[in-house]
Amino acid sequence: MTDDLGRAAMEGSGFYNRHSALQAAGVAALADIWARACDAVPVGEGVVRIVDLASSQGRNSMAPMRIAIDTIRRRTGPARPIEIIHTDLPSNDFSSLFDAVFADDSSYLRNASAIFPLAIGRSYFEPLLPPDSVHLAWNTWSMQWMARNVINASDHVLAGMSKSEEVLSAVATQQQEDWAQFLSLRSAELVHGGRLLTAFTARTDIETGWEWLLGELWEAICDLVGQGLLSREEATRMTIPIGLRQLRDLAAPFNDTGAYAGLKIEHLELKQTANPHWNDFLKTGDKDEFARRHAEATRAWAGPTLALALTSHHDPQVSLDAIFARHAERLARDPKQHEPYMVVGVFVKDK
Ligand SMILES: C[S@@+](CC[C@H](N)C(=O)[O-])C[C@H]1O[C@@H](n2cnc3c(N)ncnc32)[C@H](O)[C@@H]1O
């Protein structure tokens, strides 16, 4: 199932859960910032509502939800009911999410009572919950995705890494709109004093951090075009609707007054995330294993969207196997330390 917006959710059957150690490393780096937000939020007397926006298949949400539960319960005692609402696109693999929540050893439900998990299959560019009802909103590794695919790039697999001025300008415009809309919608849902933490891949003035990994993916696709396995049109349609913002793009709506749509910035920072596969590679020197892990991790988030570009006479799984086998071959030639940038913002509802 796709969402008819030029992109799909993550690779299903729990594949994303099994191949998202890089994102998990980014999530781990947010623990202290998130704990401070959980400590600061006013929780009143009734049910505490926490929203996990863009949960995917859930495994990377377990640790931050556990931090939120523990921090809040230290303040309220163990009996306070807490709702955890996971949201993602309708095409998300929600079965794997529920497996992770109800069966994983790492689940936040382990050794906790009065925790109520729920899920919503709807884009967060729509209203998701009633006004003034959310205490904490958590969101990682998703806001780089645009609300829709606005333009195809013929020179790169990632819209935001094209060299075309036309493509870059269309991406920038869409991302400004998306950011403003996301903030406004979440602000309406937060209680007074509620916190939104959002962290997603971003860039510096000079680099994206994705040059090696996604440059090689684009070259792998071009290799298959050269071999007649994909058409040039399919390669052009293989434009992942992602752009990489800079820190100043997040701050932009807040510029005049320090406030936007009832929110204020509590924390804003650009971090470079650690790559757990690199240390393993330094120990083993196994280039093929290092390359395979990166190709699988890339397939987990990009594969279903690339498959949307294929014409009907291609079997998507066969084509994706070929693309990512070639990707792995290319990556193994010259392994590099892939440490993407991640921007993290914490916003507090002030009005
Ligand atoms: C890379 S995964 C991140 C999953 C998890 N939060 C993590 O940190 O590992 C990105 C997720 O964002 C979701 N996503 C993208 N656009 C979305 C939207 N407009 N509304 C809701 N979810 C969206 C995708 O379906 C996918 O599950």
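Assorted remarks:
- When the charge dipole of the range 4-126 is built from unit charges on Cβ atoms (+1 for Lys and Arg, -1 for Asp and Glu) and taken about the Cα centre, the candidate among W34, S95, Y124 whose Cα reaches farthest toward its positive end is W34.
- R75 contributes an accessible area of around 100 Å² to the protein surface, as traced by a 1.4 Å probe with all chains present.
- A crude spin-label estimate for the pair A325 and T311, with each label 7 Å from Cα along the Cβ direction, gives 2.2 nm.
- Between the Cα long axis of helix 62-76 and the first principal axis of the chain there is an angle of about 10°, rounded to the nearest 10.
- Over the range 299-351, all Cα pairs binned in 10 Å intervals from 0 give whole-percent P(r) values of 18, 32, 24, 15, 9, 2, listed from short to long.
- Spacing of the modelled spin labels on E211 and D286, each 7 Å from Cα toward Cβ, amounts to 3.0 nm.
- Based on the Kirkwood approach, the hydrodynamic radius assigned to the range 11-147 is 15.2 Å, with every pair of different Cα atoms included.
- Averaging 1/r over each pair of different alpha-carbon atoms in the chain and inverting the result gives 20.9 Å, the Kirkwood hydrodynamic radius.
- For the chain, the share of accessible area belonging to carbon and sulfur comes to 51 percent (1.4 Å probe, ligands and nucleic acids excluded).
- Largest to smallest in accessible area, the residues D350, D205 fall in the order D205, D350 (1.4 Å probe, all protein chains included).
- F281 - accessible surface, heavy atoms, 1.4 Å probe, Å² rounded to 10: 30 Å²
- 3J(HN,Hα) along the range 22-29, derived from phi through the Karplus expression 6.51 cos²θ - 1.76 cosθ + 1.60 where θ = phi - 60°, amounts to 5, 5, 4, 5, x, 4, 4, 6 Hz, with x in place of Gly and Pro.
- The S113 and S133 beta-carbon pair, evaluated with R₀ = 22 Å, returns a calculated FRET efficiency of approximately 0.45.
- Each Cα pair of the range 174-268 feeds into the Kirkwood radius, which the Stokes-Einstein equation turns, at 10 °C and 1.306 mPa s, into a diffusion coefficient of 98 µm²/s.
- Binned Cα-Cα distance frequencies in the range 59-136 - 10 Å width, integer %: 16, 48, 31, 4
- FRET E, pair E166, A35, Förster distance 45 Å, beta-carbon r, rounded to 0.05: 0.55
- Counting all C-alpha pairs of the range 260-333, share separated by more than 20 Å (%): 51 percent
- Angle between the chain longest axis and helix 94-103 axis [Cα atoms, degrees, rounded to 10]: 50 degrees
- Percentage of interatomic Cα-Cα distances in the range 115-231 larger than 23 Å: 45 percent
- Other residues whose C-beta falls under 12 angstrom from the C-beta of A137 contribute a net charge of +2, scoring Lys and Arg +1 and Asp and Glu -1.
- Taken along the Cα-to-beta-carbon direction at a fixed 7 Å, the label points for R148 and R122 span 1.9 nm.
- Residue-level accessible surface for E296, protein heavy atoms, 1.4 Å, Å²: 50 Å²
- Report summary: the helix-based calculation at 222 nm, which adds -39500 (n - 2.57) for every DSSP H run with n ≥ 4 and divides by the residues of the chain, gives -13000 deg cm²/dmol.
- The range 6-84, accessible area per residue, ligands and nucleic acids excluded (1.4 Å, Å²): 36 Å²
The values are calculated or read from the model by the stated rules, or taken from the named source; none is laboratory data. Keep in mind that what you see is a predicted model, and the values were worked out from it rather than measured. All Cβ positions, even for glycine, are placed from backbone atoms using ideal geometry, and neighbour counts span all protein chains on display. Surface accessibility is based on the protein's heavy atoms, side chains included, excluding ligands, DNA and RNA. Shrake-Rupley method; radii C 1.70, N 1.55, O 1.52, S 1.80 Å.
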